[in-house]
1. Gain in length, residue 386 to residue 203, computed as 0.36 nm per residue apart minus the alpha-carbon separation, to one decimal in nm?
2. Assigning unit charges at the beta carbon (Lys, Arg +1; Asp, Glu -1) and nothing else, what dipole magnitude in debye, to the nearest 20, does the range 180-223 show about its Cα centre?
3. Once amide H atoms are placed 1.01 Å from N in the peptide plane, what residues at a sequence separation of 5 or more from residue 287, or on another chain, have their amide H within under 5 Å of its amide H?
4. Check each of the GluC sites (Glu not before Pro) in the range 146-255 and keep only those in coil by DSSP with at most 14 other C-beta atoms within 10 angstrom; list them in order.
5. Roughly what angle does helix 120-140 make with the longest principal axis of the chain, taking Cα atoms, 0 to 90 degrees, to the nearest 10?
6. How many percent of the accessible area of the chain is carbon or sulfur, using a 1.4 Å probe?
7. Do me a favour and compute the ellipsoid semi-axes for the range 146-368 from its Cα gyration tensor, root of five times each eigenvalue, largest one first, whole Å.
8. Under 13 Å from a point 7 Å along the Cα-to-Cβ line of residue 189: which residues of the range 207-246 have their amide N that close?
Amino acid sequence: MTPTIVEVTAAPLRRPEVLGRTAPPSVSWDSTGMMHALSSDRSFAGQAMRFEPPWDDALCVVTASDGSFGVGMTSQAGPVMPIINDFFGPMIVGESVLAIERLWNMMSRSANSAFGAAGLAAYALSAVDLALWDLKGKVLGRPVYELIGGPARERTRCYATGNDLDDSRNRGFDAFKLAGSVGPGSGTAGIAETERLVASARSELGPDADIMLDCWSSLDASYTVRLGEALAPYRLTWIEDYAQPDDWPGYADVRRRLPTQMLAAGERWLTDRAFAYAAQQRLVDVLQPDVQWVGGATAVLRIAAIAASSGIELALHGGSNDSYGQHLCHALPQNRWAEMYVGCPPGESLMNAWRSTPGMSLPDDGWLVPSEAPGFGIELTSEQIDAAVGQADS
Ligand SMILES: [Mg+2]
């Protein structure tokens, strides 16, 4: 008999060190002064942390009638917890643990009619959906990448995100994403500064290296066009997240005025609807959903179908930083890259950094193969979960 859902709980991840994450957050990009949409204005540069929400990440556990459980994660625990504990959880208790498409439909449509399925609801939906896929894999005894049609290949190529190129190369990566350091508030001098960053990377890495540039949603259309024209000689693989996430005319403008530059966006687009629109309008060349924000693995599968049928590339945001992204990257043929955000000091294990969980794989010489354990292969006991969400001072 198919197990049913008996409990859904979400709690803030107050002790990430229980999961092995001991590195201070965002080490390698703090030095750029970027990392926030306000950083386009020089007077806010380097103050990203001041404008970050104060909430922990959230950990969601879905428990089945046979005693098995699945683990999902997302960000912004403060407002996300009541959406899960008071709204989505009670809605799906008693349902089959295997009917994820049905459950996702119930949750997303209900949220959409109540307060919108994008925004914080998509974060909450992500955590529940990921817990459900983890649980389904455990119940069926198979890794998630098999349940969704993979593996697509033997291993997935990774790129390193971070401006310390020596550290990234020492870790075995041969493809790199830089953070631009300034935005429109710096005018022509800002474009020259970013050009120096990219020129130096090209000269250091050679003519054949893949180099990308992330702009943290801190530019606008006309500045992006000026920047793209200045950077054309350096043959960037793509320019990413240049416009505000909801600046649809801005994306169209950049596409029209930078016709040959590869463009990427999507880590801040929530639910599959934004991606369907972007694909219909051919706004970007690479779709970059974040599995912990966009609506979970179910949303990413929808976006993967959109990408495949539109002939557009997929490259999951932080695709190798967590076991969720790793399984999706491994299973989806149109996902060519797995991003590794190197958020820890040089030489320190990536297992100590952003989003890692016990049992997770790490890139080997820039290539990734996920754990083949059931579900997402997250090795956490109930006791460890309790400790991870416990009060920090208890
Ligand atoms: Mg990015």
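1. Once the chain is fully extended between residue 386 and residue 203, it gains 60.9 nm.
2. Dipole of the range 180-223, to the nearest 20 debye: 120 debye.
3. For residue 287, whose amide H was placed from the backbone, the distant partners under 5 Å are 313, 314, 315.
4. Here the GluC sites (Glu not before Pro) that fit, given the DSSP loop and packing criteria, are 154.
5. The angle comes out at about 60 degrees.
6. 51
7. 26, 23, 14
8. none
The values are calculated or read from the model by the stated rules, or taken from the named source; none is laboratory data. Only a predicted model underlies this, so the values are computations on that prediction, with no experimental measurement involved. Cβ atoms come from the backbone with ideal geometry, glycine included; neighbour counts cover every protein chain shown. Only protein heavy atoms, including side chains, enter the accessible area calculation; ligands, DNA and RNA are left aside. Shrake-Rupley method; radii C 1.70, N 1.55, O 1.52, S 1.80 Å.
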